[in-house]
Structure formats: structure tokens, C-alpha cells
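The values are calculated or read from the model by the stated rules, or taken from the named source; none is laboratory data. Predicted, not measured: the structure shown is a model, and the values here were computed from it. Positions of Cβ are generated from backbone atoms using ideal geometry, with glycine treated the same way; all protein chains shown enter the neighbour counts. SASA here: full protein model, heavy atoms, side chains in, ligands and nucleic acids out. Shrake-Rupley method; radii C 1.70, N 1.55, O 1.52, S 1.80 Å.
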Amino acid sequence: MATGNREDYLLRILRITDGEGTAKTNDIAALMNVSAASVTEMLKVLAEDGLIEYRKYKGVSLTEKGLAQAKRLRDKHQIAERFLMDVLDKDQGSAHEEACKMEHVLSDESAKKMCRIIGAADMTECEVCGPECLKKESGIQLNRMSAGMNGKISHLKCDNSEKIRKLLSIGFVPGRTVSLVNRTTNNGPIIFRMGESNIALDQDLASIVFVNIQ
């Protein structure tokens, strides 16, 4: 049976129960637009895999294993949807549909990189990054660096997706090394070096980029 279909059931059960209590077969069927008989067959499979606890006529609840898997899928969906909207400028409807497909195949490593691009540290209870989550990382804003400092870009953080796209287009991508060459004035552009190129950024754009000093 297709993994994506099984995972869709876990996500729907999480949506109904929010990780607590039980979901009724008919409620799952209505949410997924399938027959109650189809739901019952899938629930038996998920129960055999230890992902749910299922008692006929009593409803279904997620096991600890099933809850962890469902939450991870939900987190990946949120990350993918934000990335599609903020970086690729997709409308919310299209982003949601594509994220529904991506959540099943998106690797943890790709999800982590997307997080660092969209600055998703404010996502509620997201645990995709684990101990490497940028919420737990130290770092300073690029505009607070002193001349001669070198750092590796950790993540970008801004509610304005147009600014995020602009920074990415000129090379300010998480993982790249950047050094501060010169400040013109206190409020003027700052000159940075990445690779073989010097790049001037205004204070506002520079404040969006967070770096770990090397």
C-alpha cells in the first residue's frame, strides 16, 4: 500500500484529534472523501504497524510512534508551503497543493535547509531540525559584524518575502561564508565579500541575514 496514502491517514487523524482523544471512522471518511469501509481497512494496517490504537466502534487514536510521524509530516508540509510562498512566490492555494505532495518525499536535510532560508524559527513546536534547530542557534545579524570579521550564514529572517528573494538572488544563501570589508557611514551601505565578489548591502537587508562568526 502506498506510503503517501498511509501518511495521509495519520495526518487526518492528527487534524481531528490534535494528538489527544479519538477520531471516529465516519469523521475520517468525511475528511478524506472515501468510504467508511476503506477507512476501516487502512486503520487495520496502521494498527498492525503500531501507528494507531484501533477498537471497532470505539474510534482510533495515535500511538506515540504514530503521533511523532504525523507531527513530522505536518511540520514538513508547513516548511514546504512557506518556502513555496516566500521564496518561489507561489499563491497560497498552489503552495498548499504542492506541499501536500512534497511532505511525503521531503528529506530532513532539505527541510532544514528550507527552514534556514525562510527563517522559520517561529513555527509552533516544529521539531524537524531537532537539536540543530535555528531556534537554538546563536548568531548575529550581518549588519552587526565588525570590519574583518568572517562568518557562515546561518539563516534569513524576515516577514517580507520579496527581501528574502532579493538576498537569495545575490548570493546570501545559508551555508555560505561572508566577511565584512568596510562600512561607509553609520547608516550607509556595508561592503561584504563572498567568494571573489564584493557586495554592498543597506542596513535593512543586512539585518535580515544571521551569521555564526568563525
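Checked against the criterion of being at pLDDT below 85, open to solvent by 70 Å² or more (accessible area, probe 1.4 Å), closer than 30 Å to D27 by Cα and of a type outside the set (S, T, Y), the candidates K136, K113, K65, K58 yield just one match: K58. Look at segment 45-69: where a residue is farther than 13 Å from R6 by Cα and aromatic (F, W, Y) and a partner is in a helix (DSSP H, G or I) and open to solvent by less than 30 Å² (accessible area, probe 1.4 Å), sitting 6+ places away or on another chain with Cβ atoms under 6 Å, you get Y54/L43.
Within the option set G188, G195, G175, being in contact with a Lys or Arg (Cβ under 9 Å, 6 or more places away or on another chain) and farther than 19 Å from C115 by Cβ holds for one residue only, G195.
The set of residues in segment 140-170 that are of a type outside the set (D, E, K, R) and part of a helix (DSSP H, G or I) comprises L142, N143, S161, I164, L167, L168, S169.
For segment 44-59, the set of residues classified as closer than 14 Å to I13 by Cα and within 28 Å of the chain's Cα centre (by Cα) consists of L46, L51, I52, listed by residue number. When segment 179-214 is filtered for residues that are farther than 20 Å from K157 by Cβ and in a strand (DSSP E or B), the ones remaining, listed by number, are S179, V181, N182, R183, I191, R193, S197, N198, A200.
All conditions in (1) modelled with pLDDT of 90 or more; (2) within 29 Å of I199 (Cα to Cα) hold for E97, with the sole exception of (2). The numbered conditions (1) over 30 Å from E98 (Cβ atoms); (2) in contact with a strand residue (DSSP E or B) (Cβ under 6 Å, 6 or more places away or on another chain); (3) modelled with pLDDT under 90 are all true for A47 except (3). If you go through segment 46-53 one residue at a time, do you hit one that is β-branched (V, I, T), open to solvent by less than 70 Å² (accessible area, probe 1.4 Å), assigned to a helix (DSSP H, G or I) and more than 30 Å from H155 (Cβ to Cβ)? No, segment 46-53 contains no residue that is β-branched (V, I, T), open to solvent by less than 70 Å² (accessible area, probe 1.4 Å), assigned to a helix (DSSP H, G or I) and more than 30 Å from H155 (Cβ to Cβ).
When Q141 is tested against the conditions (1) modelled with pLDDT of 85 or more; (2) open to solvent by 70 Å² or more (accessible area, probe 1.4 Å), the lone failure is (2). Only one of the listed residues (V105, V39) is within 30 Å of S154 (Cβ to Cβ) and not assigned by TED's automatic domain parsing to the domain that holds R165. That residue is V105.
The set of residues in segment 16-37 that are in a helix (DSSP H, G or I), surrounded by 15 or more Cβ atoms within 10 Å (Cβ to Cβ) and not hydrophobic (A, V, I, L, M, F, W, C) comprises T17, T25, D27.
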